[in-house]
Amino acid sequence: MNRDVRWKQRFSNYKKAVAQLTEFIEKGELNKFEVQGLIQCFEYTFELAWKTMKDYLEMEGFDVKSPRTTIQTAFQIQLVEDGHTWIDALEKRNLMSHTYNEEIVKEVEELIRNNYYPLIKELCSKLEELE
């Protein structure tokens, strides 16, 4: 498949996921089930984010394999501005599987709202400019 088409298809899915995540964020106070939904929504949106970056970078001629090298390369070419927070989000994904622990859930919700969601939105805007 044409790499240009591939990244645009993935980006289309990413935009839909960002729209869903935005609904959770804008809802304000969430009950415990909604928080679990927010976390799951963030997880698949983040997955689409790095894979969309990967497809875009490959179309541009970069050879990236892992999420970490994808994020590092995206930072180097200024596709993303806050490489450290992207890497932090990548590392915190493992923490998110522990949604049964209420203390962790609160921490993860705050991280998504305050740190990771702005990155997700920023990447979406940047890619829209490049589309």
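Summary of computed values
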quantity	calculated
Stretch gain in nm, segment E122-I104, where the contour uses 0.36 nm per residue and the Cα spacing is subtracted	3.9 nm
Where a label projected 7 Å from the Cα of V5 along Cα→Cβ would reach, residues of region 59-75 with amide N under 19 Å	59-61
Gain upon complete extension [H84, S97; 0.36 nm per residue less C-alpha separation]	2.5 nm
Mean separation of Cα contacts under 8 Å, 6 or more apart, over the residue count of the chain: relative contact order %	28
Degrees, to the nearest 10: 102-111 long Cα axis against longest axis of the chain	40
Pairs of alpha carbons in region 73-131 whose separation is greater than 13 Å (percent)	64
Cα-based helix-to-principal-axis angle, 3-27 vs the chain, degrees rounded to 10	20
Efficiency of FRET between E34 and E60 - r from beta-carbon atoms, R0 25 angstrom, step 0.05	0.10
For region 69-97 and region 108-131, distance of Cα centres in Å	11
Ellipticity estimate at 222 nm from DSSP helix runs (n ≥ 4, -39,500 (n - 2.57)) divided over the chain, nearest 500	-24500 deg cm²/dmol
Distance between modelled label sites at K15 and L130, nm, 7 Å Cα→Cβ extension	1.6
Selected from F62, F24, F11 as most flexible by GNM, with the chain as the system and alpha-carbon contacts under 10 Å	F62
Degrees separating the helix 67-76 axis from the principal Cα axis of the chain, which is the longest one	60
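Values quoted throughout were computed directly from the atomic coordinates according to the rules given, and no laboratory measurement underlies them. None of the values given here were measured: they were computed from a predicted structure. Cβ sites come from the backbone with ideal geometry, for glycine too, and all protein chains shown count toward neighbours.
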